[in-house]
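Dumping the structure here so I can ask a few things about it.
The values are calculated or read from the model by the stated rules, or taken from the named source; none is laboratory data. Just so it is clear, the model here is predicted, and its values are computed rather than measured. Ideal geometry is used to build each Cβ from the backbone, glycine not excepted, and the neighbour counts take in all protein chains shown.
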Amino acid sequence: MGGMATLLLIHGGLWEDTDADWFWRRPGVVAGLERRGFTVVAPDRLSRASSWADEASHVASAVRGAVSGALRADAVTAVGGSFGCAVAARLALEFPALVERMVLAWPAAFGDQFLATRVRAGLARRGAAPQVLGSLLGTGTLPSATDEELRTIRVPVAVIPAVPPNPLHGRSTVDGLLRLLPHGTELPGCPEPPRPEFAPHLESFLAAVTGFVGP
């Protein structure tokens with residue numbers, strides 16, 4: 001394949017007004033990775049997706065649409081942030097030839113019933129139909145896949161915990177992923193962007209990701 005790896009950055013958010021610019025570009029992640037010689041693709045996710053499979057198809061199309069010039073995208077490293085981790089996992093399951101490795105940074109999940117109930121109510125207020133709620137909330141360690149599906153992901157996966165953890169980005173999710181993923185490894189944790197606390201950790205985050213990905 002040759003050349004530096006292509007990194008696919010999948011931003012966080014769930015039925016919120018978030019985008020790749022807010023999550024990845026303004027905190028300096030895209031520029032930092034590009035300075036290190038990587039090709040970076042950072043598409044906006046679907047804003048009101050009805051399923052994680054739809055999200056994965058949308059991201060896959062965005063990657064393929066970028067394959068027009070210098071982009072080396074026969075396979076990419078998918079870097080998910082927060083709920084972007086759920087999209088990355090679904091992408092690896094639906095399009096295994098596209099994903100050669102993954103970074104699951106600050107994985108978001110519904111760690112307890114109270115949080116799940118609160119999120120369900122918030123999505124319903126935004127117009128999510130009952131069948132959409134069931135699809136998005138899921139029942140596994142990540143909302144986009146069953147635990148049995150996660151066990152079938154054979155590519156190398158790095159998991160970056162949120163430090164400090166919080167109800168949406170809990171330590172239990174990180175531990176669960178490390179148990180389930182056949183080739184999972186933990187990288188040093190940090191706050192998630194675009195929180196202001198992330199800024200002092202930018203360089204260490206970039207070093208961890210690029211060290212895992214390699215050339």
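If I filter the range 192-200 for residues that are under 19 Å from V79 (Cα atoms), hydrophobic (A, V, I, L, M, F, W, C) and out of contact with any Leu (no Cβ under 6 Å at 6 or more places or on another chain), do I get at least one hit?
Yes, the conditions are met somewhere in the range 192-200.
Taking the condition surrounded by fewer than 18 Cβ atoms within 10 Å (Cβ to Cβ) and either in a strand (DSSP E or B) or among the charged types (D, E, K, R) (or both), does R101 pass?
Values: surrounded by fewer than 18 Cβ atoms within 10 Å (Cβ to Cβ): no; either in a strand (DSSP E or B) or among the charged types (D, E, K, R) (or both): yes.
Here the answer is no, as R101 does not meet what is asked.
Taking only the range 16-32 into account, find how many residues are within 15 Å of the chain's Cα centre (by Cα) and modelled with pLDDT under 95.
Going through the range 16-32 one residue at a time, the tally reaches 1.
Please enumerate the residues belonging to the range 142-159 that are under 14 Å from A109 (Cα atoms) and of a type in the set (D, E, K, R).
Listed by number, the list holds a single entry, D147.
Separate question: Just a yes or no: is a residue in the range 123-137 polar (S, T, N, Q) and buried (at least 17 other Cβ atoms within 10 Å of the Cβ)?
If we filter the range 123-137 for residues that are polar (S, T, N, Q), which is where we start, we get 131, 135.
Then drop every residue that is not buried (at least 17 other Cβ atoms within 10 Å of the Cβ), which leaves 135.
Yes; the residues of the range 123-137 include at least one that is polar (S, T, N, Q) and buried (at least 17 other Cβ atoms within 10 Å of the Cβ).
Restricting attention to the range 105-121, does a residue exist that is within 19 Å of W24 (Cβ to Cβ), touching a residue at least 24 places away in the same chain (Cβ under 8 Å) and not in a loop (DSSP other than H, G, I, E, B)? Walk me through how you get there before you give the answer.
Looking only at the range 105-121, we keep the residues that are within 19 Å of W24 (Cβ to Cβ), and these are 105-108.
Subsequent filtering for residues that are touching a residue at least 24 places away in the same chain (Cβ under 8 Å) retains 105-108.
Narrowing further to those that are not in a loop (DSSP other than H, G, I, E, B): 105.
Yes, the conditions are met somewhere in the range 105-121.
Now for a separate question. Can you confirm whether A88 is under 22 Å from L33 (Cβ atoms) and assigned to a helix (DSSP H, G or I)? Outline the logic, then answer.
Numbers: under 22 Å from L33 (Cβ atoms): yes; assigned to a helix (DSSP H, G or I): yes.
Yes, satisfied.
Table: residues versus (1) among the charged types (D, E, K, R); (2) under 15 Å from the mean Cα position of the chain (by Cα).
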{"position": "V159", "(1), (2)": "no, yes"}
{"position": "R171", "(1), (2)": "yes, no"}
{"position": "D175", "(1), (2)": "yes, no"}
{"position": "L202", "(1), (2)": "no, no"}
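Name the one entry in R154, R171 that is under 27 Å from R120 (Cα atoms) and either of a type in the set (K, R) or surrounded by 14 or more Cβ atoms within 10 Å (Cβ to Cβ) (or both). Show your work before the answer.
Details: R154 fails: under 27 Å from R120 (Cα atoms).
Sole residue among the options that is under 27 Å from R120 (Cα atoms) and either of a type in the set (K, R) or surrounded by 14 or more Cβ atoms within 10 Å (Cβ to Cβ) (or both): R171.
Any idea which residue in the range 23-63 is surrounded by the most Cβ atoms within 10 Å (Cβ to Cβ), counting only those that are more than 16 Å from E203 (Cβ to Cβ) and of a type in the set (F, W, Y)?
Applying the filter and picking the extreme gives F23.
Looking at the range 124-142, can you tell me whether even one residue there is under 22 Å from H183 (Cβ atoms), modelled with pLDDT of 95 or more and in a loop (DSSP other than H, G, I, E, B)?
yes
Kindly provide the set of residues from the range 203-215 that are more than 15 Å from V79 (Cα to Cα) and modelled with pLDDT of 95 or more, ordered by number. Before the answer, list the steps.
Taking the range 203-215 first, the residues more than 15 Å from V79 (Cα to Cα) are 203-204, 215.
If the condition is that a residue be more than 15 Å from V79 (Cα to Cα) and modelled with pLDDT of 95 or more, then E203, S204 are the ones that fit.
Anything in the range 143-162 that is touching a Phe, Trp or Tyr at 6+ places or on another chain (Cβ under 9 Å) and part of a loop (DSSP other than H, G, I, E, B)? List them, or say none.
Going residue by residue through the range 143-162, those that are touching a Phe, Trp or Tyr at 6+ places or on another chain (Cβ under 9 Å) are 143-145, 156, 158, 160-162.
Passing the criteria: P143, S144, A145, P156, P161.
Still on this structure: Considering each residue of the range 191-215, count those that are assigned to a helix (DSSP H, G or I) and surrounded by fewer than 17 Cβ atoms within 10 Å (Cβ to Cβ), and give that number. Even if it seems obvious, please write down each step before you answer.
In the first step, residues of the range 191-215 are kept if they are assigned to a helix (DSSP H, G or I); the result is 196-213.
Remaining after also requiring surrounded by fewer than 17 Cβ atoms within 10 Å (Cβ to Cβ): 196-197, 199-200, 202-204, 207, 211.
Here the count works out to 9.
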